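The values are calculated or read from the model by the stated rules, or taken from the named source; none is laboratory data. Predicted model, so just to flag it, every value in this text is computed and none were measured. Every residue, glycine among them, receives a Cβ derived from its backbone with ideal geometry; neighbour counts consider all protein chains shown. These area figures cover heavy atoms from the full protein model, side chains too; ligands, DNA and RNA do not enter into them. Shrake-Rupley method; radii C 1.70, N 1.55, O 1.52, S 1.80 Å.
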Amino acid sequence: MVSNKNTNQHKRKGFSKLELGTVFWTSATIIIVASIIAMVIPGKFQAASEGVYEFISQNFTWFFLLLVFGFGVLLIFLALSPYGRIKLGDDDSEPEFAFWPWIGMLFSSGLGVGLVFFGVAEPMQHFVEAPFLGGPIQDAEAARIAMGYTYFHWGISQWSIFGVAGLAIGYFQYRKKRDGLISTSLEPIFGFNYSKLGRNSIDTLAIIATITGMATSVGLGILQMDGGLNHAFGLPQGPVTQIVLTVLMTTVFILSTVIGLEKGMKFFSTMNMVLALFLTVFMIIFGPFSFIMESIVLGLGDYLSNYVSYSLRAEPYNARDWTRGWTVFYWAWVIAWSPFIGSFVARVSRGRTIREYVAGILIVPPILSFLWVGALGGTAIYSDLFKNTDIASIVQQDETRALFELLNTMPFTTLTSIVAILLIFLFLVTSADSATFIVSGMSLGDTENPPIRMKVLWGVLLGVLTVALILAGGLTSLQAASLLAGLPFALVLILMIFSVIKSMRREPNKALARRRHSDNAKEEHKQF
């Protein structure tokens, strides 16, 4: 933790040349140049984005599948082993946030906005486009596969990526009393004095990955709000509305930033949870209750029974690119987010044991995601199966309208549409707030208390990049940006894993001491 003296000195420095060093200028320049290119030559930028997406998804599918599956296995092993007793802090430290505010911040700063976007759109897409070659389409079996696969994409695998990044950062920052930089977490591998060029390169990559992944999520949210406002209230849909929404989101985010992490983030995170719970309960009450609950139970069973096969499912024997278009995109997108989410969840999880941390990351947020998908996605499938609505065809034409088309089939459409738009907006604000907090810290080397002006600056750059990617191809450019940022940072995540394990093996806490004592006793017994 940064001392008060250092923090005060840091605040007095403002935007001095010392603070705005190589990491900031390199990452900011790359982001600005990419934004300008996307705005000046959007057609060529979109074509290049499609080429990048095709190349990475075709050649590295196996890598992303193996990596993310390994993350989940590793975290479960650490939680069940004696290492699970290690705290992300001193042995006598206590959690800073109570359980539910902690869970709310984990969920809100994670892929909440993505879940709102895909919670209806994804199961409906799988319902009309079979995940498996020659699979069923728009019938009961297709619905079952659609729900099970959606649970898979929003379950343990996704959150294990966040968990690995957060574990490495939190362990070194709060237990080993180092700063929260990604480059610092690699010191056990490269040494405490490894080159400044190497450190700067890693931190720059982390910033670019974070801003790119965040821009993807903000872009999805803006596109969905734009489609929702058009569908529900008839407002004009297009670039003008999207830019206005981005500016409004940035303004509210700045207000949240000025309030501060504890007050601003806690308030907006609580609001997110309340609004998400409201829509979920609303669907359960006014929707097909028994169908929803049974589909959740069945979907969980299918998810658990197919976890390994879905995790390692590639398609080398046919020309389809379904896995690349869905699973690989998700994993690359989440990996691009992982520097920010990892830093943030480490920040709010300080004082918790690794066992508590892993349980919180891998159990509660996925369960909340399952409830959301089951209530809203399940109701949409029920509506098409048994009420002869045509939500699926609308989703195929425009994914941004999926949620609002569902709400249009329910009572109190205007009220629920307003709640949905507000929910998306607040998810964007909380995500931008926490992302810029972390990125500012990475830029300055102070992840504990970066200055407000730096967070505002990164918020503006985030907004500019988001608008540029939307104008230069929309969803295609957003997906390509995530893959391009996620691939190199995946290699950094692997190094972070080896680094934290290497350091934990020297951990002198009581749990490891007991294990070592037992090992020593066995050796002594062998000698006799």
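Among 331, 100, 25, what's the order by accessible area (1.4 angstrom probe), most exposed first?
100, 25, 331
With point charges of +1 on the Cβ of Lys and Arg and -1 on the Cβ of Asp and Glu, referenced to the Cα centre of the chain, which listed residue (214, 20, 135) lies farthest in the positive direction of the dipole?
Farthest towards the positive end: 20.
Based on Cβ point charges of +1 for Lys and Arg and -1 for Asp and Glu, what charge dipole magnitude is obtained for the chain about its Cα centre, in debye rounded to the nearest 20?
2160 debye
Identify, among 169, 371, 311, the residue whose Cα sits farthest towards the positive end of the charge dipole of the chain, taking +1 on the Cβ of Lys and Arg and -1 on the Cβ of Asp and Glu, with the dipole about the Cα centre.
The listed residue farthest towards the positive side: 169.
Give me the number: length gained by fully extending residue 251 to residue 189, i.e. 0.36 nm times residue separation minus the C-alpha to C-alpha distance, one decimal in nm.
18.2 nm
May I ask you to work out the translational diffusion coefficient for the chain at 25 °C, viscosity 0.890 mPa s, via Stokes-Einstein with Rh from the Kirkwood sum over Cα pairs, reported in whole µm²/s?
Translational diffusion coefficient: 104 µm²/s.
Residues of the chain: accessible area per residue at 1.4 Å, in Å²?
Heavy-atom SASA per residue in the chain reads 39 Å².
Per the helix-only calculation at 222 nm, which mean residue ellipticity applies to the chain, given -39500 (n - 2.57) for every DSSP H run of n ≥ 4 and division by its residues, nearest 500 deg cm²/dmol?
-24500 deg cm²/dmol
Note the full-extension length gain between residue 25 and residue 197 as 0.36 nm times their separation in residues minus their Cα-Cα distance, in nm to one decimal.
60.5 nm
In sequence order, what are the phi-derived ³J(HN,Hα) couplings for segment 73-90 according to the Karplus relation 6.51 cos²θ - 1.76 cosθ + 1.60 with θ = phi - 60°, rounded to whole Hz, with x for glycine and proline?
4, 4, 5, 5, 4, 4, 5, 7, 8, x, 4, x, 7, 5, 9, 7, x, 5
What percentage of the solvent-accessible surface of segment 300-349, computed with a 1.4 Å probe over protein heavy atoms, is contributed by carbon and sulfur atoms?
Accessible surface attributable to carbon and sulfur in segment 300-349 totals 60 percent.
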